[in-house]
Amino acid sequence: MYGIVNRAIEELIIEKFGIDKWEQVKTKAGFDSEGFMTLKPYPDALTFKLVGAASEILNVPADTLLEAFGEYWILYTAEKGYGEMLNLAGDSFPSFLKNLNMLHGRVTNLMPELAPPQFECRNEKENSIELIYRSHRNGMIPMLYGLIKGLAKRFEKEVEITELESSVEENTTVIFLLTWS
Ligand code: HEM
């Protein structure tokens with residue numbers, strides 16, 4: 001994944017737990033460079049190692065960290081130069097969800113090797129929608145919970161997330177039912 005993801009993990013850990021803990025996480029994950037270049041692709045394995053190491057050092061389950069990271073990501077990208085892109089992605093929770101592929105498409109202009117997940121929306125009602133998530137990665141589902149909750153907060157909504165179907169094999173496909181108030 002592009003370095004911006006690892007950088008955001010770094011900033012979240014420093015903000016919540018302090019620099020010493022981050023240094024320990026880096027060491028445990030075997031990452032000995034100074035920092036991450038945001039526009040450089042790194043192996044996915046490094047991101048997973050950072051999360052695994054953080055989970056051990058901070059004594060927090062990896063899924064909890066990933067969910068917190070998903071929520072943080074919405075605020076982080078807004079602050080780090082992607083605010084306009086987020087604004088263009090939609091002015092309501094459901095319209096934003098319908099534009100997620102377009103949003104990642106725009107990001108691809110800056111990060112040509114981006115391998116983002118694919119999203120599809122269906123069965124839209126006044127206060128609910130089904131969101132289909134497809135990824136060639138495994139293990140990102142908790143992050144998605146955080147992303148969806150963070151997005152709902154951006155539109156001052158509270159969202160309930162139910163998994164209608166999920167298949168985690170070589171690729172991951174999950175159908176979520178999102179209901180908001
Ligand atoms: C401007 C805002 C955003 C930027 C710059 C961005 C960028 C990225 C980047 C760099 C990755 C790592 C993938 C790679 O490097 O190949 C990623 C992954 C991901 N993005 Fe975004 N993203 C944004 C917003 C969102 C939003 C709003 C959602 C969903 C609500 C989302 C869902 C995901 C998920 C779930 C992944 C994990 C990878 C996977 O599941 O395969 N992103 N995104």
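Can you say whether K98 is within 18 Å of R137 (Cβ to Cβ), at pLDDT 95 or above, open to solvent by 20 Å² or more (accessible area, probe 1.4 Å) and not hydrophobic (A, V, I, L, M, F, W, C), as far as the supplied structure shows?
Considered against the rule, which asks whether it is within 18 Å of R137 (Cβ to Cβ), at pLDDT 95 or above, open to solvent by 20 Å² or more (accessible area, probe 1.4 Å) and not hydrophobic (A, V, I, L, M, F, W, C), K98 comes out as no.
In a strand (DSSP E or B), more than 24 Å from Y42 (Cα to Cα) and among the hydroxyl-bearing types (S, T, Y) - does that describe any residue in the range 117-139?
Within the range 117-139, one or more residues are in a strand (DSSP E or B), more than 24 Å from Y42 (Cα to Cα) and among the hydroxyl-bearing types (S, T, Y).
Filtering the range 150-165 down to residues that are open to solvent by less than 70 Å² (accessible area, probe 1.4 Å) and outside any loop (DSSP other than H, G, I, E, B), which residue is farthest from D91 (Cα to Cα)?
Ranking the candidates gives T162 first.
Can you report the number of residues in the range 1-26 which are among the aliphatic types (A, V, I, L, M) and not in a helix (DSSP H, G or I)?
Of the residues in that region, 1 qualify.
Against the conditions (1) within 14 Å of the ligand (Cβ to nearest atom); (2) surrounded by 14 or more Cβ atoms within 10 Å (Cβ to Cβ), where does V168 fall short? Just the number, please.
With (1) within 14 Å of the ligand (Cβ to nearest atom); (2) surrounded by 14 or more Cβ atoms within 10 Å (Cβ to Cβ) applied to V168, the lone miss is (2).
When you look at P117, is it of a type outside the set (V, I, T), surrounded by 15 or more Cβ atoms within 10 Å (Cβ to Cβ) and under 16 Å from the mean Cα position of the chain (by Cα), yes or no?
When the stated conditions are applied, P117 passes them.
Looking at this structure, is A8 surrounded by 16 or more Cβ atoms within 10 Å (Cβ to Cβ), hydrophobic (A, V, I, L, M, F, W, C) and not assigned by TED's automatic domain parsing to the domain that holds N138?
The answer is yes for A8.
When residues of the range 85-100 are filtered for being near the ligand (Cβ under 10 Å from one of its atoms) and farther than 16 Å from K153 by Cβ, how many remain?
Total satisfying the criteria: 4.
From the set of residues in the range 27-51 that are open to solvent by 30 Å² or more (accessible area, probe 1.4 Å) and either in a helix (DSSP H, G or I) or outside the structural domain of I13 (by TED's automatic domain parsing) (or both), which is farthest from M140 (Cα to Cα)?
Restricting to residues being open to solvent by 30 Å² or more (accessible area, probe 1.4 Å) and either in a helix (DSSP H, G or I) or outside the structural domain of I13 (by TED's automatic domain parsing) (or both), the top hit is T27.
Against the definition (of a type in the set (D, E) and over 24 Å from E23 (Cβ atoms)), how does E56 come out, yes or no?
No: the conditions fail for E56.
In the range 101-114, how many residues are more than 9 Å from the ligand (Cβ to nearest atom) and assigned to a loop (DSSP other than H, G, I, E, B)?
Within the range 101-114, residues that are more than 9 Å from the ligand (Cβ to nearest atom) and assigned to a loop (DSSP other than H, G, I, E, B) number 1.
Test Y82 against the stated conditions and say whether it is within 10 Å of the ligand (Cβ to nearest atom), modelled with pLDDT of 95 or more and part of a strand (DSSP E or B).
no
The values are calculated or read from the model by the stated rules, or taken from the named source; none is laboratory data. Because the structure is a prediction, the values reported are computed rather than measured. Cβ coordinates were reconstructed from backbone atoms using ideal geometry, including for glycine residues, and neighbour counts include every protein chain displayed. With ligands, DNA and RNA removed, areas are computed over all heavy atoms of the protein, side chains included. Shrake-Rupley method; radii C 1.70, N 1.55, O 1.52, S 1.80 Å.
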